[in-house]
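Asker: Provided herewith is a single structure, encoded as structure tokens, for subsequent inquiry.
Only the coordinates and a few stated rules stand behind these numbers; no lab work does. Since the structure is predicted, the reported quantities are computational estimates derived from the model, not experimental observations. With ideal geometry, Cβ positions are generated from the backbone for all residues, glycine too; neighbour counts draw on all protein chains shown.
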Amino acid sequence: MKRGNLLAPHPLAFNADAVKVLELTAPSQFEVKERAEITPGFGEVSIAIKACGICGSDLHGMDGSTGRRIPPMVMGHEGSGIVSAIGEGVTEWAPGDRVTFDSTVWCGECAYCREGRENLCDARQVVGVSCAEFRRDGAFAEQLLVPQRILHRLPDNLSFEEAAFAEPVGVALHAVRRAGSKPGKRALVIGSGLIGLLVIQALKRVGVAVTAVDQDQERLALSRKLGAEAAFLPEELTEHDFDLAFEVVGITPTVNLAVRSVAKGGRLILVGNLSPEVSFPLQAVVTRELDVLGSCAIAGEYPEALQALAAGDIQVKPLISDRYSLAEGAAAFTAAGEKGALKIIVRPTENS
Ligand SMILES: [Zn+2]
Ligand SMILES: [Zn+2]
């Protein structure tokens, strides 16, 4: 875990008023660059980023395949830090506040935002995403600017590293909320990756009995440790009367397994979308009257996510595979792509 500092640039090589960012300069190419520090504008807050997690969407997107990480840009949407400066018109926040931020930059004015579905905002932008419609640099950087309305305050006892999980925990809580009033007494969770392991814990937290399915024995062991009552390889699963199935992979075989595994009248919550399209067992869904719901991002679950983390109801420390400085950013992404890695944390301002 200990690494030498040989690759870190000498501090004197940088200007005092500059901030370092980990720039994706070309597909799968990284460089630590220096940029002029930006003064926050009206309603904006500047955050000194302390921790930022590498997301699966960063890993899948950095080679250009998703069209959502078009270089040059700075990724990172799972961050936490300390407010370093505020712009005019900012009243609720002050330098020194410990914060995290919504990965969705929502407008607060469109019909979706007004009904509390800001994940569907008509003007939606995502922090650390660069696509045809917008480009917004993210939190693999010493400084991040965001509008004040998307900030959330950290509970005092919550570390920056754990707070960097507010985003994926929020994704899991949102999926569980989408399952809704359906009394999910027994749920199947397909996929024990990072989000799957958080969905398992979010379900357990509300008293739902969980069975986990994954292809990897180590992940099955971890899912049991974190709250699944049973855990199977896909071919071992024989039950098909679950009330709920959460699909957290997003490929044809796992979507089909989800459909086959719920009881008549059951409910599927589709979270994974590894494949943009899958073959779908239409007749089984229609004739067995299944509810099929998509679940995307977060719509108001941040306070609950922070509370669950602070209370220890959702455990994220066992999910941290390793930590890297910003200077080691390229190595951090290599590590995140290795088999068995769950969450890699980058710490942009760990020494300041
Ligand atoms: Zn993410
Ligand atoms: Zn909106």
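Asker: Calculate the FRET efficiency for residue 31 and residue 274 from the Cβ-Cβ distance with a Förster distance of 30 Å, rounded to the nearest 0.05.
Answerer: 0.60
Asker: Kindly write out, for region 320-327 in residue order, the coupling ³J(HN,Hα) from the Karplus curve 6.51 cos²θ - 1.76 cosθ + 1.60 (θ = phi - 60°), rounded to whole Hz, with x marking Gly and Pro.
Answerer: With the stated coefficients, region 320-327 comes to 7, 7, 5, 10, 9, 7, 5, 4 Hz.
Asker: Now for a different question. What list of ³J(HN,Hα) couplings, whole Hz, do you get for region 309-316 from phi and the Karplus terms 6.51, -1.76, 1.60, once you set θ to phi - 60° and write x for glycine and proline?
Answerer: Using θ = phi - 60°, the values come out as 5, 5, 7, x, 5, 10, 9, 10 Hz.
Asker: Let me ask something else about it. Using 7 Å Cα-to-Cβ label points, what is the residue 133/residue 70 separation (nm, one decimal)?
Answerer: Modelled inter-label distance: 1.3 nm.
Asker: I would also like to ask the following. If R0 is 51 Å, what FRET efficiency do you get for residue 217 and residue 88 from their C-beta distance, rounded to 0.05?
Answerer: Step by step, r from the Cβ atoms, then E = 0.35.
Asker: Okay, moving on. Given C-alpha coordinates of region 170-294, what is the ratio Rg to Rh with the Kirkwood estimate of Rh?
Answerer: Taking Rg over the Kirkwood Rh, I get 0.92.
Asker: In the chain, once you exclude exposed trypsin sites (Lys or Arg not before Pro) (DSSP loop, at most 10 other Cβ within 10 angstrom), what's the longest stretch remaining?
Answerer: With a cap of 10 other Cβ atoms within 10 Å, the longest stretch comes to 3-338.
Asker: Can you list the GluC sites (Glu not before Pro) in region 256-323 that are in a DSSP coil and have 14 or fewer other beta carbons within 10 angstrom?
Answerer: Qualifying residues, ordered by number: 277, 289.
Asker: Which entries of 264/339; 33/317; 264/317; 204/343; 20/225; 50/185 have Cα-Cα distances beyond 28 Å here?
Answerer: Too far apart for the 28 Å limit: 264/339; 33/317; 264/317; 20/225; 50/185.
Asker: Between residue 288 and residue 338, what is the label-point separation in nm under the 7 Å Cα-to-beta-carbon projection?
Answerer: Rounded to a tenth, the inter-label distance reads 4.0 nm.
Asker: Next question, about the same structure. Using modelled backbone amide H atoms (1.01 Å from N, in-plane), which distant-in-sequence or interchain residues come within less than 5 Å of residue 51's amide H?
Answerer: Hits under the 5 Å cutoff: 80.
Asker: May I ask you to work out the translational diffusion coefficient for the chain at 10 °C, viscosity 1.306 mPa s, via Stokes-Einstein with Rh from the Kirkwood sum over Cα pairs, reported in whole µm²/s?
Answerer: The calculation lands on 76 µm²/s.
Asker: On a 0 to 90° scale, report how tilted helix 166-179 is relative to the longest principal axis of the chain, with both axes built from alpha carbons and the result rounded to the nearest 10.
Answerer: Long axis of 166-179 versus the principal axis of the chain: about 30 degrees.
Asker: With an 8 Å Cα cut-off and a minimum separation of 6 or more residues, compute the relative contact order for the chain in percent.
Answerer: Result for the chain is 18 percent.
Asker: Assuming 0.36 nm per residue, please report the length gained on full extension of the stretch residue 60 to residue 109 beyond their Cα-Cα distance.
Answerer: 14.5 nm
Asker: Would you please give the residues with an amide H less than 5 Å from that of residue 232, counting only those at least 5 places away or on a separate chain, with H modeled from the backbone geometry?
Answerer: Amide H neighbours of residue 232: 212, 213, 214.
Asker: Then there is this: Can you list residues whose amide H is under 5 Å from residue 69's amide H, if they're 5+ apart or on another chain and H is modeled 1.01 Å from N?
Answerer: Long-range HN contacts for residue 69: 130.
Asker: Based on DSSP H runs of at least 4 residues, each adding -39500 (n - 2.57), what is the mean residue ellipticity at 222 nm of the chain after dividing by all its residues, to the nearest 500 deg cm²/dmol?
Answerer: Value at 222 nm, helices only, nearest 500: -6500 deg cm²/dmol.
Asker: Say the dipole of region 170-294 comes from +1 at the beta carbon of Lys and Arg and -1 at that of Asp and Glu; which of 245, 273, 283 then lies farthest toward its positive end?
Answerer: Sorting the options by dipole projection puts first 245.
Asker: Taking the Cα centre as origin and putting +1 on Lys and Arg beta-carbons and -1 on Asp and Glu beta-carbons, what dipole magnitude results for region 170-294, to the nearest 20 debye?
Answerer: 520 debye
Asker: OK, next. Any idea what angle helix 194-205 forms with the longest principal axis of the chain, computed on alpha-carbon atoms, 0 to 90 degrees, nearest 10?
Answerer: 60 degrees
Asker: Next question. Evaluate E = 1/(1 + (r/R0)^6) for residue 206 and residue 263, where r is the Cβ-Cβ distance and R0 equals 25 Å; express this FRET efficiency to the nearest 0.05.
Answerer: 0.80
Asker: Can you give the net charge of the other residues whose Cβ lies under 15 Å from the Cβ of residue 284, counting K and R as +1 and D and E as -1?
Answerer: Charge balance in the 15 Å sphere: 0.
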